[in-house]
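Data block below; observations after.
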Amino acid sequence: KVIVSAPPSGPVPGTGILTVMMRFMLPLFKSDFVIRRTADQLKLPEQDYENFRQSQKTVSADLLLTVAREVHAHRLPESLHNATIPTLAVVGENEIAVNFRVVRDLVELMPAVQGRVAPQVGHGWNGENPDLFNRMIREWFLNDMIADDLLPLSSG
């Protein structure tokens, strides 16, 4: 079995502009201000902030640019239509539209995918609602079920 959570995948509108902007903004990514805003956006618990801050300070500019390029350039392979492994694809309710599109694409492409929405959370929903995230994992892998709190994916 597989769980795919908050799957970003290209193409993302404005990727070229974002890449250029990122190159100029790289020095800011390690600033305490940006790290704090990122932690707040991810709803990171305060007790985890210092470890998060220290890990963010170690990320290289090359790595940030590589990750951005890879995420924005990635396309779902057509060969997924042959994949029969049971897959749960989940996106946060407050996620950006492109990630909803990826989950819908997975549902259309793969015969064994079930798409769901985690309510009232965004991209970093494993940190926003760790209880639901952990329950989702336990239910899917141990009980062959989908956590009741997860909403059906609309055709949108």
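Condition first: part of a helix (DSSP H, G or I) and either within 18 Å of THR87 (Cβ to Cβ) or basic (Lys, Arg) (or both). Now tell me which residues in segment 126-156 satisfy that. Don't jump to the end; show me each part of the working.
From segment 126-156, those part of a helix (DSSP H, G or I) are 126-128, 130-142; that's our starting set.
ASN126, PHE133, ARG135, MET136, ILE137, ARG138, GLU139, TRP140, PHE141, LEU142, listed by residue number.
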Segment 136-148 residues that are under 16 Å from TRP125 (Cα atoms), paired with ones that are surrounded by 12 or more Cβ atoms within 10 Å (Cβ to Cβ) and of a type in the set (Lys, Arg) (beta carbon under 8 Å, 6 or more apart): ALA147/ARG135
Only one of GLY92, GLY122, GLY115 that is more than 12 Å from the chain's Cα centre (by Cα) and either farther than 12 Å from SER5 by Cα or touching a residue at least 24 places away in the same chain (Cβ under 8 Å) (or both): GLY115
Some residue of segment 109-124 being of a type outside the set (Ser, Thr, Tyr), in a helix (DSSP H, G or I) and farther than 30 Å from ASP40 by Cα: yes
Conditions (1) surrounded by fewer than 16 Cβ atoms within 10 Å (Cβ to Cβ); (2) in a helix (DSSP H, G or I): number failed by LEU64: (1)
Candidate set: segment 29-61, residues that are open to solvent by less than 50 Å² (accessible area, probe 1.4 Å) and closer than 18 Å to ALA6 by Cβ; chosen: the one modelled with the lowest pLDDT: THR38
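The values are calculated or read from the model by the stated rules, or taken from the named source; none is laboratory data. Note that the structure is predicted; figures quoted are calculated from it, not measured. Here Cβ is always computed from backbone atoms with ideal geometry, including for glycine, and neighbour counts include all displayed protein chains. Please note that ligands, DNA and RNA were not included when accessible areas were found on the heavy atoms of the full protein model with its side chains. Shrake-Rupley method; radii C 1.70, N 1.55, O 1.52, S 1.80 Å.
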